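To keep things clear, I will list the structure first and then write my remarks on it.
The values are calculated or read from the model by the stated rules, or taken from the named source; none is laboratory data. Keep in mind the model is a prediction, meaning the values are calculated, not measured. Positions of Cβ are backbone-derived with ideal geometry, glycine not excepted, and every protein chain shown enters the neighbour counts. For accessibility, only protein heavy atoms count, side chains too; no ligands or nucleic acids. Shrake-Rupley method; radii C 1.70, N 1.55, O 1.52, S 1.80 Å.
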Amino acid sequence: RLRLAQPLFSLPDRKLSAEPLSMAPAVGAGADEGGSQPLALARRLPWLSSPSWLRNLFFFQAGARPQGVAVAPELRRRSAAAAVLLLAAAGLVAADQIADFLQRKLIYHPFRSDAERRMARSLLQRAVVELAELSYEVIELPYNASPVFSLLGLRGPLRQRALLIAPSAPAADASGGRPAAALQRLWVVVGGNAMCSTDWLPFVLTLLQQPRCGGAHAFLLLDYPGYGDNEGQPCAGLALRSAEAGVCAALEVLGARRCTPEALGFLGHSLGCAAVLQLAAGLSSQRPCWLRGTRLARRIVLSAPFTSIPNMGLALFGGLRGAGAVIATVASTSRHTWDNELSLRSLAKSSEKFGQVPPSVHIVHGTRDEIVPVHMGRALHLLCKELRFGACSFTERPRAGHNDVLDEAFSELARLILAVEDTPNGKL
């Protein structure tokens, strides 16, 4: 070990010599300095004793002598450039977060008040009693969505809850087992941006009272992340992962009850159309093993669908100057595009890739829709015909708006949901 003969930083300031810097000790330095090479080196580098020696060391290069006072302007230039880069990065992150916050406020409207929660709970309790009379039961299905990444790091699994409406479990036979029940289709149902799962209960209850139902259908009512009792914040990606986990959990429960559905069906309203379409496209492309014997999407029923959220922005704010450029810029980095045209193309591509028969897509829209223009529903129907889906139909209700189309077109929706199979021309 080397010991300093005297403190290193108490040396007096000296001017730099003109001779080149060398890390080797000078001849005779060991005798003059009592064999202390660090002290000799410190005296040859007097800038180490200056309070700004760390600043000089930052610009030090091997074999080059520090430039003394010339270092300070260079330091300021580099510090200014680094500060500008940091401010620009912070500005981009802040702008992204502000844009994301505004989009969430515009797109999603989950209920927040205690009164709304009590109303939803009361509606669920009444539905449990009425569905029991039809030999159906409501199962509150808890499950976890996959972890998500955020600016604060990785967050653990998000707790979610769905409602599974299924035929009542058959009684056990003499051998202790339960007879297998024939379940034709499990319908995955997602509502609009201001709906929760309990809002579908009157619709499903009326549907199950139809004579053609016959206990052959089950319904999985899903909420978006951040809606109802679900954790997280709603966005397209997280909603997809949450829906996949919900379908997996529902199939496990139905399998344990020995009533595995033959196929999946999808029903969505407004924003829910985008949720079920991206779910159907994702399952068709991934073909997860947990589907087991259940066939992929065979029928998709859409109520008041839009083409994409950016197109909805243009429809609502396109008249404002510069709105198109702002919407295009935000859409390029948005997590809330909800593109139905892209999902339909992906679904058609996956069906062709795996040699499957494309699912049938049926659209119901109100002519007086004041939120989603009816021409968007027509455009999606034309796209379905262009992509050669197995069967597709478009029903337009002249007196229906956006929020009452489920009531105005109930008979048509019931016919589409309860039909056994589709025919090539789209008629049931």
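Screening HIS402 on (1) in contact with a Leu (Cβ under 9 Å, 6 or more places away or on another chain); (2) not in a helix (DSSP H, G or I) shows it passes everything except condition (1).
All told, VAL372 meets the bar of being within 23 Å of GLY313 (Cβ to Cβ), in contact with a Phe, Trp or Tyr (Cβ under 6 Å, 6 or more places away or on another chain) and of a type outside the set (Ser, Thr, Tyr).
Applying the condition of being assigned to a helix (DSSP H, G or I) and in contact with a strand residue (DSSP E or B) (Cβ under 8 Å, 6 or more places away or on another chain) to segment 251-268 and asking which residue is farthest from VAL138 (Cα to Cα) yields LEU251.
Looking at the structure I just gave you, is LEU123 of a type outside the set (Asp, Glu), in a helix (DSSP H, G or I), within 30 Å of LEU201 (Cβ to Cβ) and in contact (Cβ under 8 Å) with a residue 24 or more places away in the chain? Answer is yes for this residue. Among helices (runs of 4 or more DSSP H) entirely within segment 316-387, having at least 2 residues that are at pLDDT 95 or above singles out 340-353, 374-386.
Against the numbered list (1) modelled with pLDDT of 90 or more; (2) open to solvent by 80 Å² or more (accessible area, probe 1.4 Å), ARG77 comes up short only at (1). Candidates LEU123, LEU102: the one that is open to solvent by less than 90 Å² (accessible area, probe 1.4 Å), farther than 23 Å from GLU252 by Cα and not β-branched (Val, Ile, Thr) is LEU123.
Pairing each residue of segment 305-326 that is open to solvent by 80 Å² or more (accessible area, probe 1.4 Å) with any residue that is part of a loop (DSSP other than H, G, I, E, B), provided the two are 6+ apart or on different chains, yields C-beta distances under 9 Å for LEU316/ILE371; VAL326/LEU320. Mind checking which residues of segment 195-207 are surrounded by 22 or more Cβ atoms within 10 Å (Cβ to Cβ) and either in contact with a Ser or Thr (Cβ under 6 Å, 6 or more places away or on another chain) or over 25 Å from ILE107 (Cα atoms) (or both)? Correct list: VAL204 only.
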